[in-house]
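The structure under discussion appears below in the form of structure tokens.
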Amino acid sequence: SKPLFLFFAAADTERRGVDGAPISFANEAQMLAVSSASLSDLNSRLTAVAAPTVTASRFRPNLVIDAGGLPPYSEDEWRGLRIGTVRLASAGPCQRCGMVFVDPR
């Protein structure tokens, strides 16, 4: 069995993301995107040192972008993202916490 930890935030708790927008339990912003090109490059590097590969779920993204021709890690430089008529502004790259070392499965 694995230990379970419960986190509680009181109603008057206020957290703000790197862009100043209010957030709840998110790391730094409401949305997190990762590209399949970045994940592929990371897994190539892990394989090269005989480390286990990871899936996108390790990074807890809201969006996994799979667009051919994107260079790895290009999402770190995006100013925003448009999906149809919806435009999402970028707060910048996310400084991930230690949770990326924990397999979510």
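The values are calculated or read from the model by the stated rules, or taken from the named source; none is laboratory data. What you see is a predicted model; the values in this text were computed from it and never measured. Because the Cβ atoms are built from the backbone with ideal geometry, glycine has one as well, and the counts that use them run over all protein chains shown. Accessible surface is based on the protein model in full, side chains and every heavy atom, while ligands, DNA and RNA are left aside. Shrake-Rupley method; radii C 1.70, N 1.55, O 1.52, S 1.80 Å.
What's the total number of residues in the range 29-42 that are of a type outside the set (A, V, I, L, M) and open to solvent by 30 Å² or more (accessible area, probe 1.4 Å)?
4
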Fill in: Flag if residue 9 is touching a Lys or Arg at 6+ places or on another chain (Cβ under 9 Å), more than 23 Å from residue 105 (Cβ to Cβ) and not in a strand (DSSP E or B)
yes
Discussion item. Return the residues of the range 45-89 that are touching a residue at least 24 places away in the same chain (Cβ under 8 Å), not hydrophobic (A, V, I, L, M, F, W, C) and not in a helix (DSSP H, G or I); say none if nothing qualifies.
Written reply: 60, 61, 62, 66, 71, 72, 73
Item to complete: Scan (1) open to solvent by less than 50 Å² (accessible area, probe 1.4 Å); (2) at pLDDT 90 or above for the single condition residue 9 breaks and write down its number.
Response: (2)
